[in-house]
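Report on one structure; see the data block that follows.
The values are calculated or read from the model by the stated rules, or taken from the named source; none is laboratory data. Please read these numbers as outputs of a predicted model, since none were measured by experiment. Cβ placement follows ideal geometry from the backbone for every residue including glycine, while neighbour counts extend to all protein chains displayed.
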Amino acid sequence: MKRLAMIITTLFITALIVTLAAPALAATTPAFQRVWNRQDLPVQQGVATRSWTWGPAPISDVLNEPYYNAPGNQRQVQYFDKSRMEINDPSADATANWYVTNGLLPVELIRGRMQLGHDTFADLEPAAISAIGDPGYFPTYANLAQVYQNPGQVRESDLGKPATGMLNPDGSITGFNGYVNDPATILVRGENNHGVAKAFIDFQNQRATVYENGRYIRDQVYDPLFVFGLPVTGAYWVNTRVGNRDMPVLFQVFERRVLTYNPANPPEWRVEMGNVGQHYHQWRYGR
């Protein structure tokens with residue numbers, strides 16, 4: 001009986017180790033799994049402390065969506081909290097960095113233009129969905145249209161100084177000096193002729209634990225162009241509601257992600273990515 005108990009215990013421990021060591025993303029493709037594993041498997045397994053890049057699990061099945069430059073005029077996609085993964089050319093090298101892409105979802109949501117091909121769009125209404133903070137609060141993606149600039153028009157005099165513009169519900173931009181002494185809010189020169197908050201530059205260029213080729217390594221976490229894309233707004237503050245509390249949050253929209261900086265959060269969670277994948281899925285499919 002003791003021997004049987006030892007065997008059962010050994011089998012249980014072995015199964016537990018396998019479960020903890022194995023990538024745990026279900027109902028997806030090998031290519032999507034590989035991309036998710038790199039940033040988010042370390043977060044899920046507790047070997048990295050940072051916010052999600054994609055999300056803990058897919059929020060949709062693998063779907064075929066119309067895309068007129070893909071074979072059969074359809075491409076394979078899957079939605080996550082933070083973005084959407086896409087395969088435009090299934091005949092390409094599946095191990096290449098850009099075999100899986102993630103869409104320019106914030107741009108589509110702000111402009112109300114759903115991309116159906118390289119140069120094909122369906123004109124819809126900009127998304128009346130909260131882009132930052134709790135659902136149902138300012139600002140929506142439609143509200144962000146007024147600060148959308150692609151390319152930007154950064155003023156040299158603003159660089160090296162803190163972000164102090166507050167975007168208000170009436171569309172005005174007023175001064176906000178609540179965090180002028182926080183070095184994370186300093187504007188530095190970014191791509192696309194925008195000034196970018198230092199918090200977001202540091203976040204995009206961070207080095208930490210990632211998962212590659214079956215093991216954990218320390219490396220640059222993000223390829224900024226692949227994950228975030230170019231900035232398409234400046235860095236602005238908004239007063240919004242987060243966890244049922246009203247507070248100021250600094251945000252900046254990039255082609256592929258919305259980044260927020262919340263000084264009230266613990267250091268590891270001050271910069272987070274908005275739930276653009278959730279919001280786009282709601283906008284496109286109505287739920």
*When you go through (1) within 20 Å of residue 275 (Cβ to Cβ); (2) of a type in the set (A, V, I, L, M, F, W, C); (3) in a loop (DSSP other than H, G, I, E, B) one by one for residue 96, which number turns out not to apply?*
(1)
*State the number of residues belonging to region 242-256 that are closer than 18 Å to residue 279 by Cα, under 18 Å from the mean Cα position of the chain (by Cα) and surrounded by fewer than 24 Cβ atoms within 10 Å (Cβ to Cβ).*
2
*Residue by residue through region 160-190, note down the ones that are among the hydrophobic types (A, V, I, L, M, F, W, C) and within 25 Å of the chain's Cα centre (by Cα).*
163, 166, 167, 184, 186, 187, 188
*asked:* Looking for something in contact with a Lys or Arg (Cβ under 6 Å, 6 or more places away or on another chain), at pLDDT 95 or above and not in a strand (DSSP E or B) - is there at least one such residue anywhere in region 62-75?
replied: yes
*Given the residues 72, 46, which is the only one that is without any contact (Cβ under 8 Å) to a residue 12 or more places away in the chain and more than 19 Å from residue 115 (Cα to Cα)?*
46
*Tally time: how many residues in region 257-271 are under 16 Å from residue 137 (Cβ atoms) and under 12 Å from the mean Cα position of the chain (by Cα)?*
2
*Scan region 260-287 residue by residue and report those that are in a strand (DSSP E or B), of a type outside the set (S, T, N, Q) and buried (at least 23 other Cβ atoms within 10 Å of the Cβ).*
261, 273
*Got a sec? Which of 100, 147 is among the hydrophobic types (A, V, I, L, M, F, W, C), surrounded by 15 or more Cβ atoms within 10 Å (Cβ to Cβ), within 23 Å of residue 222 (Cβ to Cβ) and under 22 Å from the mean Cα position of the chain (by Cα)?*
100
_Residue tally, condition within 18 Å of residue 96 (Cα to Cα) and either among the charged types (D, E, K, R) or part of a strand (DSSP E or B) (or both), over region 183-237_ = 6
*Selected residue (criterion: nearest to residue 130 (Cα to Cα)) from residues of region 55-78 that are among the hydroxyl-bearing types (Ser, Thr, Tyr) and in contact with a Leu (Cβ under 8 Å, 6 or more places away or on another chain)*: 67
*region 201-224 residues that are over 17 Å from residue 269 (Cβ atoms) and at pLDDT 95 or above, paired with ones that are part of a helix (DSSP H, G or I) and hydrophobic (A, V, I, L, M, F, W, C) (beta carbon under 9 Å, 6 or more apart)*: 210/41; 211/41; 216/41; 224/201
*residue 16: closer than 26 Å to residue 210 by Cβ, modelled with pLDDT under 95 and surrounded by fewer than 17 Cβ atoms within 10 Å (Cβ to Cβ), yes or no?*
yes
